[in-house]
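Chemist: Sharing a structure here in C-alpha coordinates format.
The values are calculated or read from the model by the stated rules, or taken from the named source; none is laboratory data. Quick caveat: nothing in here was measured; it's all calculated off a predicted structure. Cβ sites come from the backbone with ideal geometry, for glycine too, and all protein chains shown count toward neighbours. Surface accessibility is based on the protein's heavy atoms, side chains included, excluding ligands, DNA and RNA. Shrake-Rupley method; radii C 1.70, N 1.55, O 1.52, S 1.80 Å.
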Amino acid sequence: MANAFQEGLRQLDKTCEIIQREKKITIKTEEIEILKKPKRVVEASFPVTMDNGKLKIFTGYRVQYNDVRGPFKGGIRFHPKVDLDEVKALAFWMTIKCAVVNIPYGGGKGGITVDTKKLSQREIERLTRAYVRVMANIIGPDRDIPAPDVYTNSQVMAWFMDEYSQIKGVNTPAVVTGKPIEIGGSQGRDTATAQGGFYVFDNLRKKLRIKKNQIEIAIQGFGNAGLNFAKIAADHDFKIIAISDSQGGIYNKKGIDIKKAIKYKKENGQLRGFKLAEEISNEELLELPVNVLVPAALENVITEKNVKNIKAKIIVELANGPTSIKAGEELFEKGVYVIPDVLANAGGVVVSYFEWVQNIRHFYWDAKKVQNNLSYIMNKSFKEVWETSQKYKTNMRTGAYITAIERLINAVRIRGRA
Ligand code: GLU
(Lines give C-alpha, C1' and ligand atoms only; values in the text may rest on other atoms or scores of the structure.)
Protein backbone atom coordinates (compact mmCIF):
# COMPACT_ATOMS: atom_id res chain seq x y z
CA MET A 1 0.00 0.00 0.00
CA ALA A 2 1.49 3.32 -1.08
CA ASN A 3 2.46 5.69 1.70
CA ALA A 4 0.89 3.74 4.55
CA PHE A 5 3.86 4.72 6.67
CA GLN A 6 3.50 8.44 5.77
CA GLU A 7 -0.16 8.22 6.84
CA GLY A 8 0.91 6.81 10.19
CA LEU A 9 3.35 9.68 10.69
CA ARG A 10 0.66 12.24 9.87
CA GLN A 11 -1.51 10.72 12.59
CA LEU A 12 1.47 10.98 14.95
CA ASP A 13 1.95 14.70 14.18
CA LYS A 14 -1.74 15.41 14.59
CA THR A 15 -1.77 13.62 17.96
CA CYS A 16 1.31 15.46 19.26
CA GLU A 17 -0.33 18.77 18.31
CA ILE A 18 -3.47 17.87 20.29
CA ILE A 19 -1.46 16.71 23.33
CA GLN A 20 0.54 19.97 23.35
CA ARG A 21 -2.47 22.20 22.80
CA GLU A 22 -4.93 20.52 25.17
CA LYS A 23 -2.57 19.46 27.91
CA LYS A 24 -0.43 22.56 27.64
CA ILE A 25 2.78 20.56 27.68
CA THR A 26 5.72 20.83 25.33
CA ILE A 27 6.99 17.79 23.50
CA LYS A 28 10.52 18.36 22.20
CA THR A 29 11.08 17.92 18.47
CA GLU A 30 13.65 15.21 19.12
CA GLU A 31 11.16 13.30 21.28
CA ILE A 32 8.75 13.21 18.34
CA GLU A 33 11.59 12.45 15.88
CA ILE A 34 12.48 9.29 17.78
CA LEU A 35 8.99 7.98 17.10
CA LYS A 36 9.18 8.90 13.42
CA LYS A 37 12.00 6.58 12.44
CA PRO A 38 12.46 2.84 12.87
CA LYS A 39 15.39 1.91 15.08
CA ARG A 40 16.52 -0.84 12.72
CA VAL A 41 15.45 -2.03 9.26
CA VAL A 42 16.66 -5.35 7.89
CA GLU A 43 16.08 -6.38 4.29
CA ALA A 44 17.42 -9.78 3.33
CA SER A 45 17.46 -11.93 0.21
CA PHE A 46 17.85 -15.66 0.65
CA PRO A 47 17.65 -18.76 -1.53
CA VAL A 48 15.10 -21.51 -0.95
CA THR A 49 15.14 -24.94 -2.60
CA MET A 50 11.83 -25.52 -4.36
CA ASP A 51 10.25 -28.98 -4.72
CA ASN A 52 11.56 -29.24 -8.30
CA GLY A 53 15.12 -28.93 -6.98
CA LYS A 54 15.68 -25.39 -8.28
CA LEU A 55 16.71 -22.48 -6.09
CA LYS A 56 14.51 -19.43 -5.86
CA ILE A 57 15.54 -16.15 -4.24
CA PHE A 58 13.06 -14.49 -1.88
CA THR A 59 13.16 -11.11 -0.15
CA GLY A 60 12.17 -10.70 3.48
CA TYR A 61 12.09 -7.83 5.96
CA ARG A 62 12.14 -7.19 9.67
CA VAL A 63 11.53 -3.66 10.88
CA GLN A 64 12.39 -3.11 14.55
CA TYR A 65 10.55 0.11 15.04
CA ASN A 66 10.82 1.08 18.66
CA ASP A 67 11.85 -0.72 21.88
CA VAL A 68 11.62 2.06 24.43
CA ARG A 69 8.85 0.23 26.38
CA GLY A 70 10.18 -3.31 25.93
CA PRO A 71 11.42 -5.74 23.26
CA PHE A 72 10.18 -5.35 19.67
CA LYS A 73 6.98 -7.31 19.05
CA GLY A 74 4.92 -8.02 15.97
CA GLY A 75 3.91 -10.56 13.38
CA ILE A 76 5.36 -11.84 10.14
CA ARG A 77 3.34 -11.53 6.95
CA PHE A 78 3.67 -13.77 3.89
CA HIS A 79 1.96 -11.91 1.04
CA PRO A 80 2.75 -10.92 -2.58
CA LYS A 81 2.19 -7.24 -1.74
CA VAL A 82 4.66 -7.09 1.16
CA ASP A 83 7.19 -4.27 0.70
CA LEU A 84 9.33 -2.15 3.01
CA ASP A 85 6.83 0.72 3.24
CA GLU A 86 4.08 -1.67 4.35
CA VAL A 87 6.27 -3.44 6.92
CA LYS A 88 7.40 -0.06 8.33
CA ALA A 89 3.77 1.07 8.69
CA LEU A 90 2.79 -2.20 10.35
CA ALA A 91 5.79 -1.97 12.71
CA PHE A 92 4.85 1.60 13.64
CA TRP A 93 1.26 0.51 14.33
CA MET A 94 2.54 -2.35 16.55
CA THR A 95 4.46 0.24 18.61
CA ILE A 96 1.27 2.24 19.11
CA LYS A 97 -0.85 -0.90 19.70
CA CYS A 98 1.33 -2.32 22.48
CA ALA A 99 1.31 1.09 24.18
CA VAL A 100 -2.51 1.46 23.85
CA VAL A 101 -3.09 -1.79 25.74
CA ASN A 102 -0.11 -1.08 28.00
CA ILE A 103 1.82 -4.32 27.59
CA PRO A 104 5.61 -4.19 28.05
CA TYR A 105 6.64 -4.29 24.41
CA GLY A 106 7.79 -1.99 21.68
CA GLY A 107 6.81 -2.60 18.07
CA GLY A 108 8.19 -4.46 15.09
CA LYS A 109 6.99 -6.35 12.04
CA GLY A 110 8.33 -8.69 9.41
CA GLY A 111 7.33 -10.11 6.10
CA ILE A 112 8.26 -12.02 2.99
CA THR A 113 7.07 -11.02 -0.48
CA VAL A 114 5.53 -14.32 -1.54
CA ASP A 115 2.30 -15.90 -2.72
CA THR A 116 2.01 -18.92 -0.41
CA LYS A 117 -0.93 -20.25 -2.44
CA LYS A 118 1.64 -21.17 -5.09
CA LEU A 119 3.91 -23.06 -2.65
CA SER A 120 3.69 -26.55 -1.14
CA GLN A 121 3.79 -27.03 2.65
CA ARG A 122 7.40 -28.25 2.41
CA GLU A 123 8.35 -25.13 0.43
CA ILE A 124 6.67 -22.88 3.03
CA GLU A 125 8.62 -24.72 5.73
CA ARG A 126 11.95 -24.21 3.94
CA LEU A 127 11.07 -20.56 3.27
CA THR A 128 10.31 -20.01 6.97
CA ARG A 129 13.51 -21.71 8.10
CA ALA A 130 15.59 -19.67 5.62
CA TYR A 131 14.03 -16.45 6.95
CA VAL A 132 14.84 -17.47 10.55
CA ARG A 133 18.47 -18.16 9.61
CA VAL A 134 18.99 -14.64 8.22
CA MET A 135 17.17 -13.00 11.14
CA ALA A 136 18.41 -15.22 14.02
CA ASN A 137 20.97 -12.72 15.28
CA ILE A 138 18.57 -9.80 15.61
CA ILE A 139 15.59 -11.59 17.21
CA GLY A 140 15.26 -13.36 20.57
CA PRO A 141 12.99 -13.59 23.64
CA ASP A 142 14.35 -10.33 25.09
CA ARG A 143 15.04 -8.61 21.77
CA ASP A 144 12.32 -9.14 19.24
CA ILE A 145 9.48 -11.65 19.34
CA PRO A 146 7.66 -12.41 16.05
CA ALA A 147 4.15 -13.90 15.74
CA PRO A 148 1.60 -14.82 13.04
CA ASP A 149 0.06 -12.30 10.67
CA VAL A 150 -1.62 -12.49 7.23
CA TYR A 151 -0.99 -15.99 5.69
CA THR A 152 1.22 -17.23 8.52
CA ASN A 153 -0.16 -19.55 11.21
CA SER A 154 0.76 -21.69 14.23
CA GLN A 155 2.51 -24.28 12.02
CA VAL A 156 4.78 -21.56 10.60
CA MET A 157 5.51 -20.43 14.18
CA ALA A 158 6.40 -24.02 15.14
CA TRP A 159 8.99 -24.20 12.32
CA PHE A 160 10.22 -20.78 13.35
CA MET A 161 10.76 -21.81 16.96
CA ASP A 162 12.37 -25.10 15.95
CA GLU A 163 14.87 -23.49 13.56
CA TYR A 164 15.81 -20.79 16.08
CA SER A 165 16.23 -23.37 18.87
CA GLN A 166 18.47 -25.49 16.63
CA ILE A 167 20.65 -22.51 15.70
CA LYS A 168 21.08 -21.46 19.34
CA GLY A 169 21.31 -25.01 20.69
CA VAL A 170 18.77 -24.11 23.37
CA ASN A 171 15.04 -24.85 23.35
CA THR A 172 13.61 -21.34 23.07
CA PRO A 173 9.79 -21.24 22.90
CA ALA A 174 9.66 -17.56 23.95
CA VAL A 175 11.32 -16.40 20.69
CA VAL A 176 7.98 -16.46 18.90
CA THR A 177 4.29 -16.45 19.90
CA GLY A 178 1.23 -17.97 18.27
CA LYS A 179 2.72 -21.48 18.50
CA PRO A 180 0.68 -24.69 18.68
CA ILE A 181 -0.37 -25.59 22.26
CA GLU A 182 1.76 -28.80 22.16
CA ILE A 183 5.03 -26.84 22.03
CA GLY A 184 4.30 -23.89 24.29
CA GLY A 185 1.43 -22.03 22.64
CA SER A 186 -1.21 -20.41 24.82
CA GLN A 187 -4.82 -21.38 25.22
CA GLY A 188 -6.97 -18.88 23.35
CA ARG A 189 -4.20 -17.40 21.14
CA ASP A 190 -5.84 -18.60 17.89
CA THR A 191 -9.09 -16.77 18.65
CA ALA A 192 -7.55 -13.86 20.59
CA THR A 193 -7.66 -11.15 17.89
CA ALA A 194 -11.34 -11.82 17.24
CA GLN A 195 -12.17 -12.23 20.93
CA GLY A 196 -10.52 -8.92 21.82
CA GLY A 197 -12.35 -7.22 18.93
CA PHE A 198 -15.61 -8.68 20.14
CA TYR A 199 -15.07 -7.35 23.69
CA VAL A 200 -14.44 -3.79 22.51
CA PHE A 201 -17.31 -3.94 20.01
CA ASP A 202 -19.72 -5.06 22.73
CA ASN A 203 -18.44 -2.31 25.04
CA LEU A 204 -19.22 0.28 22.37
CA ARG A 205 -22.61 -1.25 21.55
CA LYS A 206 -23.61 -1.02 25.20
CA LYS A 207 -22.31 2.57 25.44
CA LEU A 208 -24.45 3.52 22.45
CA ARG A 209 -27.40 1.57 23.88
CA ILE A 210 -28.01 -0.45 20.74
CA LYS A 211 -29.95 -3.64 21.35
CA LYS A 212 -28.49 -6.94 20.19
CA ASN A 213 -31.44 -7.71 17.93
CA GLN A 214 -31.01 -4.37 16.11
CA ILE A 215 -27.50 -5.26 14.99
CA GLU A 216 -26.63 -6.49 11.50
CA ILE A 217 -22.97 -7.26 10.80
CA ALA A 218 -20.93 -7.47 7.58
CA ILE A 219 -17.41 -8.90 7.78
CA GLN A 220 -14.76 -8.45 5.09
CA GLY A 221 -12.09 -11.16 5.34
CA PHE A 222 -12.46 -14.75 6.52
CA GLY A 223 -8.98 -15.53 7.80
CA ASN A 224 -8.07 -16.01 11.46
CA ALA A 225 -9.55 -12.66 12.56
CA GLY A 226 -12.71 -12.48 10.41
CA LEU A 227 -13.71 -16.14 10.71
CA ASN A 228 -13.35 -16.23 14.48
CA PHE A 229 -15.14 -12.90 14.90
CA ALA A 230 -18.06 -14.31 12.90
CA LYS A 231 -18.07 -17.44 15.06
CA ILE A 232 -17.93 -15.56 18.37
CA ALA A 233 -20.58 -13.01 17.30
CA ALA A 234 -22.87 -15.81 16.05
CA ASP A 235 -22.38 -17.72 19.34
CA HIS A 236 -23.59 -14.56 21.09
CA ASP A 237 -26.71 -14.44 18.87
CA PHE A 238 -25.66 -11.54 16.65
CA LYS A 239 -26.94 -11.57 13.09
CA ILE A 240 -24.24 -11.65 10.41
CA ILE A 241 -25.62 -10.88 6.99
CA ALA A 242 -22.47 -10.78 4.85
CA ILE A 243 -18.98 -12.30 4.86
CA SER A 244 -16.22 -12.45 2.27
CA ASP A 245 -12.75 -13.80 1.52
CA SER A 246 -10.20 -12.77 -1.11
CA GLN A 247 -12.28 -14.52 -3.83
CA GLY A 248 -15.50 -12.60 -3.09
CA GLY A 249 -18.41 -12.45 -0.68
CA ILE A 250 -21.81 -13.86 0.19
CA TYR A 251 -24.90 -12.06 1.47
CA ASN A 252 -28.18 -13.08 3.05
CA LYS A 253 -30.45 -10.41 4.51
CA LYS A 254 -31.98 -12.97 6.89
CA GLY A 255 -28.57 -13.88 8.34
CA ILE A 256 -25.87 -16.39 7.37
CA ASP A 257 -25.50 -19.71 9.18
CA ILE A 258 -21.86 -19.23 10.19
CA LYS A 259 -21.19 -22.87 11.16
CA LYS A 260 -22.30 -23.99 7.70
CA ALA A 261 -20.29 -21.23 6.01
CA ILE A 262 -17.12 -22.25 7.91
CA LYS A 263 -17.64 -25.88 6.90
CA TYR A 264 -18.17 -24.82 3.28
CA LYS A 265 -15.01 -22.68 3.31
CA LYS A 266 -12.98 -25.58 4.77
CA GLU A 267 -14.21 -27.98 2.09
CA ASN A 268 -14.01 -25.62 -0.89
CA GLY A 269 -11.27 -23.17 0.02
CA GLN A 270 -13.59 -20.23 -0.66
CA LEU A 271 -16.98 -18.82 0.30
CA ARG A 272 -18.26 -18.30 -3.24
CA GLY A 273 -20.74 -20.90 -4.31
CA PHE A 274 -22.25 -21.23 -0.81
CA LYS A 275 -25.86 -22.12 -1.65
CA LEU A 276 -27.71 -20.35 1.16
CA ALA A 277 -26.72 -16.81 0.14
CA GLU A 278 -26.29 -14.45 -2.82
CA GLU A 279 -22.87 -13.60 -4.20
CA ILE A 280 -21.49 -10.08 -3.75
CA SER A 281 -18.11 -8.48 -4.34
CA ASN A 282 -15.76 -7.31 -1.59
CA GLU A 283 -16.45 -3.70 -2.60
CA GLU A 284 -20.22 -4.17 -2.41
CA LEU A 285 -19.93 -5.75 1.03
CA LEU A 286 -18.38 -2.56 2.43
CA GLU A 287 -21.33 -0.46 1.23
CA LEU A 288 -24.16 -2.69 2.50
CA PRO A 289 -26.89 -1.13 4.66
CA VAL A 290 -25.65 -2.71 7.90
CA ASN A 291 -24.98 -0.96 11.19
CA VAL A 292 -21.75 -2.84 11.96
CA LEU A 293 -18.91 -3.26 9.47
CA VAL A 294 -15.84 -5.34 10.29
CA PRO A 295 -12.93 -4.95 7.86
CA ALA A 296 -10.77 -7.98 8.72
CA ALA A 297 -8.52 -8.37 5.68
CA LEU A 298 -5.93 -5.89 4.42
CA GLU A 299 -5.06 -2.17 4.52
CA ASN A 300 -6.70 0.73 2.78
CA VAL A 301 -10.14 -0.59 1.87
CA ILE A 302 -12.13 2.39 3.18
CA THR A 303 -10.80 5.47 1.38
CA GLU A 304 -11.91 8.83 -0.04
CA LYS A 305 -13.28 6.86 -2.99
CA ASN A 306 -15.95 4.84 -1.16
CA VAL A 307 -16.34 6.54 2.22
CA LYS A 308 -19.47 8.42 1.08
CA ASN A 309 -21.22 5.11 0.40
CA ILE A 310 -20.44 3.52 3.76
CA LYS A 311 -23.66 3.12 5.75
CA ALA A 312 -22.43 1.45 8.93
CA LYS A 313 -22.73 3.24 12.27
CA ILE A 314 -19.93 1.20 13.89
CA ILE A 315 -16.71 0.05 12.22
CA VAL A 316 -14.53 -2.50 14.01
CA GLU A 317 -11.05 -2.48 12.44
CA LEU A 318 -9.87 -6.06 12.86
CA ALA A 319 -7.43 -5.58 9.98
CA ASN A 320 -4.43 -3.30 10.36
CA GLY A 321 -4.89 0.05 8.60
CA PRO A 322 -8.16 -0.61 6.72
CA THR A 323 -9.27 3.06 6.83
CA SER A 324 -7.28 5.95 5.37
CA ILE A 325 -6.87 8.95 7.69
CA LYS A 326 -8.99 11.22 5.45
CA ALA A 327 -11.78 8.64 5.22
CA GLY A 328 -11.58 8.22 9.01
CA GLU A 329 -12.06 11.96 9.50
CA GLU A 330 -15.04 11.97 7.17
CA LEU A 331 -16.60 9.05 9.04
CA PHE A 332 -16.14 10.90 12.34
CA GLU A 333 -17.92 13.96 10.91
CA LYS A 334 -20.76 11.70 9.76
CA GLY A 335 -21.09 10.41 13.32
CA VAL A 336 -19.71 6.92 12.58
CA TYR A 337 -17.87 5.23 15.45
CA VAL A 338 -14.62 3.62 14.28
CA ILE A 339 -12.92 1.34 16.79
CA PRO A 340 -9.35 1.78 15.54
CA ASP A 341 -7.10 -1.17 14.62
CA VAL A 342 -4.61 -0.38 17.40
CA LEU A 343 -7.37 -1.18 19.89
CA ALA A 344 -9.80 -3.41 17.96
CA ASN A 345 -7.26 -6.06 16.94
CA ALA A 346 -4.92 -5.77 19.95
CA GLY A 347 -6.32 -8.96 21.53
CA GLY A 348 -3.87 -10.96 19.39
CA VAL A 349 -0.76 -9.35 20.77
CA VAL A 350 -2.21 -9.30 24.29
CA VAL A 351 -2.52 -13.10 24.30
CA SER A 352 0.91 -13.26 22.63
CA TYR A 353 2.16 -11.46 25.72
CA PHE A 354 0.46 -14.07 27.95
CA GLU A 355 2.07 -16.82 25.86
CA TRP A 356 5.53 -15.26 26.25
CA VAL A 357 5.04 -14.90 30.03
CA GLN A 358 3.98 -18.57 30.26
CA ASN A 359 7.03 -19.65 28.21
CA ILE A 360 9.44 -17.67 30.38
CA ARG A 361 7.92 -18.96 33.64
CA HIS A 362 7.37 -22.52 32.29
CA PHE A 363 3.97 -22.38 33.92
CA TYR A 364 0.83 -22.69 31.82
CA TRP A 365 -2.60 -21.14 32.26
CA ASP A 366 -6.00 -22.63 31.55
CA ALA A 367 -8.40 -21.10 29.01
CA LYS A 368 -10.42 -19.36 31.71
CA LYS A 369 -7.41 -17.50 33.08
CA VAL A 370 -6.47 -16.36 29.55
CA GLN A 371 -10.02 -15.10 28.87
CA ASN A 372 -10.29 -13.30 32.21
CA ASN A 373 -6.99 -11.51 31.70
CA LEU A 374 -7.78 -10.66 28.08
CA SER A 375 -11.21 -9.25 28.90
CA TYR A 376 -9.72 -7.23 31.76
CA ILE A 377 -7.13 -5.60 29.48
CA MET A 378 -9.52 -5.02 26.56
CA ASN A 379 -12.28 -3.54 28.74
CA LYS A 380 -9.83 -1.28 30.54
CA SER A 381 -8.21 -0.14 27.29
CA PHE A 382 -11.59 0.55 25.70
CA LYS A 383 -12.55 2.71 28.67
CA GLU A 384 -9.29 4.68 28.51
CA VAL A 385 -9.55 5.27 24.77
CA TRP A 386 -13.25 6.15 24.94
CA GLU A 387 -12.74 8.61 27.80
CA THR A 388 -9.74 10.24 26.12
CA SER A 389 -11.66 10.68 22.86
CA GLN A 390 -14.64 12.19 24.72
CA LYS A 391 -12.42 14.51 26.72
CA TYR A 392 -10.66 15.89 23.64
CA LYS A 393 -13.74 15.71 21.40
CA THR A 394 -11.94 13.62 18.87
CA ASN A 395 -12.39 10.22 17.24
CA MET A 396 -11.37 7.00 18.96
CA ARG A 397 -8.28 6.61 16.76
CA THR A 398 -6.88 9.90 18.00
CA GLY A 399 -8.00 8.95 21.54
CA ALA A 400 -5.96 5.75 21.24
CA TYR A 401 -2.94 7.58 19.80
CA ILE A 402 -3.01 10.16 22.61
CA THR A 403 -3.03 7.34 25.20
CA ALA A 404 -0.17 5.52 23.44
CA ILE A 405 2.04 8.47 22.59
CA GLU A 406 1.93 9.84 26.11
CA ARG A 407 3.15 6.45 27.38
CA LEU A 408 5.86 6.30 24.73
CA ILE A 409 7.11 9.83 25.33
CA ASN A 410 7.15 9.26 29.09
CA ALA A 411 9.26 6.15 28.57
CA VAL A 412 11.65 8.08 26.30
CA ARG A 413 12.01 10.76 28.98
CA ILE A 414 12.50 8.35 31.87
CA ARG A 415 15.10 6.34 29.97
CA GLY A 416 16.86 9.59 29.12
CA ARG A 417 17.32 8.90 25.47
CA ALA A 418 16.05 12.17 24.08
N1 GLU B 1 0.04 -9.87 13.74
C2 GLU B 1 -0.75 -9.52 14.88
C3 GLU B 1 -0.98 -8.02 14.91
O4 GLU B 1 -0.92 -7.35 13.90
C5 GLU B 1 -0.21 -10.10 16.18
C6 GLU B 1 1.15 -9.63 16.59
C7 GLU B 1 1.72 -10.35 17.81
O8 GLU B 1 1.03 -11.15 18.41
O9 GLU B 1 2.88 -10.08 18.11
O10 GLU B 1 -1.30 -7.46 15.93
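Chemist: Any residue in segment 131-151 that's farther than 26 Å from Leu318 by Cα: show its pairings with residues that are of a type in the set (Asp, Glu) and away from the ligand (no atom under 14 Å from the Cβ) at Cβ separation under 6 Å, as long as the two are six or more apart or on different chains.
Modeler: These pairs meet every condition: Val132/Glu163.
Chemist: Scan segment 30-45 and report the pairs whose first residue is free of Cβ contacts under 8 Å to residues at least 60 places away in the same chain and whose second residue is part of a strand (DSSP E or B) and open to solvent by 30 Å² or more (accessible area, probe 1.4 Å), with Cβ atoms within less than 9 Å and a gap of 6+ or a chain change.
Modeler: Hits for this filter: Glu43/Thr59; Ser45/Ile57; Ser45/Thr59.
Chemist: Evaluate the following for Ser165: is it open to solvent by 20 Å² or more (accessible area, probe 1.4 Å) and among the hydroxyl-bearing types (Ser, Thr, Tyr)?
Modeler: no
Chemist: Checking the condition over 21 Å from Ala192 (Cα atoms), open to solvent by less than 10 Å² (accessible area, probe 1.4 Å), part of a strand (DSSP E or B) and in contact with a Gly (Cβ under 8 Å, 6 or more places away or on another chain), which residue from Gly60, Gly108 passes?
Modeler: So the residue among Gly60, Gly108 that is over 21 Å from Ala192 (Cα atoms), open to solvent by less than 10 Å² (accessible area, probe 1.4 Å), part of a strand (DSSP E or B) and in contact with a Gly (Cβ under 8 Å, 6 or more places away or on another chain) is Gly60.
Chemist: Take segment 46-57 and flag every residue that is surrounded by 13 or more Cβ atoms within 10 Å (Cβ to Cβ) and without any contact (Cβ under 8 Å) to a residue 24 or more places away in the chain.
Modeler: Once the filter is applied, which keeps residues that are surrounded by 13 or more Cβ atoms within 10 Å (Cβ to Cβ) and without any contact (Cβ under 8 Å) to a residue 24 or more places away in the chain, segment 46-57 yields only Lys56.
Chemist: Among the basic types (Lys, Arg), open to solvent by 10 Å² or more (accessible area, probe 1.4 Å) and out of contact with any His (no Cβ under 9 Å at 6 or more places or on another chain): which single residue out of Lys263, Lys212 fits that description? Before you say what the answer is, go through the steps one by one.
Modeler: Details: Lys212 fails: out of contact with any His (no Cβ under 9 Å at 6 or more places or on another chain).
Exactly one of Lys263, Lys212 is among the basic types (Lys, Arg), open to solvent by 10 Å² or more (accessible area, probe 1.4 Å) and out of contact with any His (no Cβ under 9 Å at 6 or more places or on another chain), namely Lys263.
Chemist: Same structure again: Could you list, in sequence order, all residues of segment 234-255 that are crowded, with 17+ Cβ neighbours inside 10 Å and within 14 Å of Ile215 (Cβ to Cβ)?
Modeler: Hits for segment 234-255 are Ala234, Phe238, Lys239, Ile240, Ile241, Ala242.
Chemist: Then there is this: Can you name the condition, by its number, that Ser186 falls short on among (1) more than 11 Å from the ligand (Cβ to nearest atom); (2) assigned to a loop (DSSP other than H, G, I, E, B); (3) buried (at least 23 other Cβ atoms within 10 Å of the Cβ)?
Modeler: The single condition Ser186 does not satisfy is (1).
Chemist: I want to confirm something. Restricting to segment 83-99 and keeping residues that are more than 13 Å from Gly321 (Cβ to Cβ) and crowded, with 24+ Cβ neighbours inside 10 Å, which single residue is nearest to the ligand (Cβ to nearest atom)?
Modeler: Cys98
Chemist: Return yes when Glu22 is part of a helix (DSSP H, G or I), in contact with a Phe, Trp or Tyr (Cβ under 7 Å, 6 or more places away or on another chain), open to solvent by 20 Å² or more (accessible area, probe 1.4 Å) and more than 16 Å from the ligand (Cβ to nearest atom) and no when it is not.
Modeler: Yes.
Chemist: Within segment 291-324, how many residues turn out to be away from the ligand (no atom under 16 Å from the Cβ), open to solvent by less than 10 Å² (accessible area, probe 1.4 Å) and closer than 16 Å to Phe201 by Cα?
Modeler: So the count comes out to 5.
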